[in-house]
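The values are calculated or read from the model by the stated rules, or taken from the named source; none is laboratory data. Note that the coordinates shown come from a computational prediction; the quantities given were computed from them, not determined experimentally. A quick note on method: Cβ atoms are made from the backbone with ideal geometry, for glycine too, and the neighbour counts reach across all protein chains shown. Just the protein is used for accessible areas: all its heavy atoms, side chains included, with ligands, DNA and RNA removed. Shrake-Rupley method; radii C 1.70, N 1.55, O 1.52, S 1.80 Å.
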Amino acid sequence: MDSVPPSGIRRIFELAQSLDDVVFLAVGEPDVEVAPHILEAAAAAWQADETNYTPNGGITPLRAAIVDKLASQNGMVVDTEQVWVTNGGMHALFLAMTLVLGPGDEVLLPDPGYSTFAMNARMISAVPVPYTLRASGAFLPDLDELERLITARTRMIIINSPSNPLGAIFPKSVIEELLAFAKKHDLWILSDEVYECFTYGALHTSVASLDTDDRVFSVFSLSKTYALTGARVGYLVTPPGMAPLMRSAQEAIVSCINTPAQLAAVAAITGPQDHVVSAANHYRDNLAAATELLRELGIEYLEPSGAFYLWVNISYATNGDVAEWAERFLLEKRVAVAPGSAFGRHGEGWIRLCVAADARDIETGIRRLPRPRLA
């Protein structure tokens, strides 16, 4: 536990909570309301005293709904025993890594990448090995670098598309290359697809839909898609044959996910999806307005193709320590942003802005950024 790095995002969040009049652009919290039919299903479950234990993998209607959704939306044909309802996407990530990584095993993970990837690896005494996503390479994996990182202890590679924090989507051709790389070196793949429903001008490809070797674990969540972050419902899709292991793992860690939240999840997945479409349009419009303003101010950013984040280059103002700069920016300008270094060494000099926020707050926050010096 001593080796688990603290969250640089959580540090900013907690500091911001102690201040007044803060513009919050740091945490990936949807700003849209939950659809009424989902809230009604959750309320009805509580009123009906639906509070007993459920099977470890989740209630049958929810697992069946997920199987149908995966087939129709993700091109993934799985059976119910491959679907495991989890306490959010983070629990699903932890389960997958726990199943295949032991002490000293190495896992390739993106840098910049979601901070929990490295935290999970450290918690189970595995070794996180970052692979670099560079601006010069369009923030896509470099296969030559990946080859150089392989050792006898490499067991898994993590793919995150759409990406948190980058807002980038890996093209199908890149995913095919990563699958071939994993097959060549006999690696498990952990595919984080939490932001699957928020794409803009680019197609999302589920890694498992192209897998022919049963080596992919897929992580999904209702948190972002349906604005249910606090309900804590996600799901892990495993390769075939892992049900006995998963049943034991679930029983030992959480037993099961709370019943009313599962019933709300059934309503979310099987009910009308217009709220999801509306949310995606809202985030797309916010991204468009934000990028237009950044261009006006002459600030470099990565053109987003998914999720609801902007990856912004502020290195001209940070003096080589973006984490320290983000704290000072919060204290002085009352704007909370996520420092890029919280997502890995190669995030230094960049910040992540969350545009799941009021358009006026986004404009205010961006206008308070220091402007680059003219050449």
Out of everything in region 126-156 that is touching a residue at least 40 places away in the same chain (Cβ under 8 Å), among the charged types (D, E, K, R) and touching a helix residue (DSSP H, G or I) at 6+ places or on another chain (Cβ under 9 Å), what residue ends up being farthest from Lys172 (Cα to Cα)? Arg155
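A quick yes/no check of all residues on (1) on the phi > 0 side of the Ramachandran plot; (2) open to solvent by less than 30 Å² (accessible area, probe 1.4 Å); (3) in a helix (DSSP H, G or I):
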| position | (1), (2), (3) |
| --- | --- |
| Gln250 | no, yes, yes |
| Ser255 | yes, yes, no |
| Ala280 | no, yes, yes |
| Arg295 | no, no, yes |
| Val312 | no, yes, no |
| Ala326 | no, yes, yes |
| Phe329 | no, yes, yes |
| Ser341 | no, no, yes |
| Leu353 | no, yes, no |
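So, in region 178-195, how many residues would count as being part of a helix (DSSP H, G or I) and either small (Gly, Ala, Ser) or within 28 Å of Gly28 (Cβ to Cβ) (or both)? Before the answer, list the steps.
Step one: of region 178-195, the residues part of a helix (DSSP H, G or I) are 178-184.
Keeping just the survivors that are either small (Gly, Ala, Ser) or within 28 Å of Gly28 (Cβ to Cβ) (or both) gives 178-180, 182.
The qualifying residues number 4.
Among residues belonging to region 1-19 that are without any contact (Cβ under 8 Å) to a residue 60 or more places away in the chain and in a loop (DSSP other than H, G, I, E, B), point out the one that is most open to solvent (accessible area, probe 1.4 Å). Spell out how you get there, then give the answer.
Of region 1-19, the ones without any contact (Cβ under 8 Å) to a residue 60 or more places away in the chain are 2, 6, 10, 14, 17-18.
Keeping just the survivors that are in a loop (DSSP other than H, G, I, E, B) gives 2, 6, 18.
Numbers: Asp2: 162, Pro6: 122, Ser18: 84 Å².
The selected residue is Asp2.
Taking Leu302, is it farther than 26 Å from Phe217 by Cβ, in contact with a Gly (Cβ under 9 Å, 6 or more places away or on another chain) and open to solvent by less than 20 Å² (accessible area, probe 1.4 Å)?
On the way: farther than 26 Å from Phe217 by Cβ: yes; in contact with a Gly (Cβ under 9 Å, 6 or more places away or on another chain): yes; open to solvent by less than 20 Å² (accessible area, probe 1.4 Å): no.
So Leu302 does not fit the description; no.
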Could you identify the single residue in Asn74, Asn87 that is at pLDDT 95 or above and more than 24 Å from Gly230 (Cβ to Cβ)? Asn74
Examine region 188-205 for a residue that is buried (at least 19 other Cβ atoms within 10 Å of the Cβ), among the β-branched types (Val, Ile, Thr) and more than 30 Å from Asp285 (Cα to Cα), and state whether such a residue exists. yes
Check whether at least one residue in region 162-173 is open to solvent by less than 50 Å² (accessible area, probe 1.4 Å) and in a helix (DSSP H, G or I), and report yes or no. no
Those residues of region 206-228 which are hydroxyl-bearing (Ser, Thr, Tyr), assigned to a helix (DSSP H, G or I) and open to solvent by 30 Å² or more (accessible area, probe 1.4 Å) amount to Ser209
So Pro30 ticks every box in (1) over 30 Å from Gly340 (Cα atoms); (2) crowded, with 21+ Cβ neighbours inside 10 Å but one. Which box is left unticked? (1)
Could you grab the pairs with beta carbons closer than 7 Å, sequence gap of 6+ or different chains, first residue in region 206-219 and within 12 Å of Pro240 (Cα to Cα), second one of a type in the set (Phe, Trp, Tyr) and crowded, with 16+ Cβ neighbours inside 10 Å? Arg215/Trp188; Phe217/Trp188
Selection from region 33-82 of residues free of Cβ contacts under 8 Å to residues at least 12 places away in the same chain and β-branched (Val, Ile, Thr) yields Val77
From the list Leu62, Leu108, which residue is closer than 23 Å to Leu179 by Cβ, crowded, with 19+ Cβ neighbours inside 10 Å and modelled with pLDDT of 95 or more? Leu108
Number of the condition not met by Ile159 [criteria: (1) part of a helix (DSSP H, G or I); (2) under 14 Å from Phe220 (Cα atoms)]: (1)
Please go through region 33-59 and pick out each residue that is open to solvent by 50 Å² or more (accessible area, probe 1.4 Å), out of contact with any helix residue (DSSP H, G or I) (no Cβ under 7 Å at 6 or more places or on another chain) and either closer than 30 Å to Ser248 by Cβ or among the β-branched types (Val, Ile, Thr) (or both). Asp49, Tyr53, Pro55
Which listed residue, of Ile366, Ile362, is in contact with a Leu (Cβ under 9 Å, 6 or more places away or on another chain) and surrounded by fewer than 24 Cβ atoms within 10 Å (Cβ to Cβ): Ile362
When residues of region 81-101 are filtered for being open to solvent by 20 Å² or more (accessible area, probe 1.4 Å) and closer than 20 Å to Arg153 by Cα, how many remain? 4
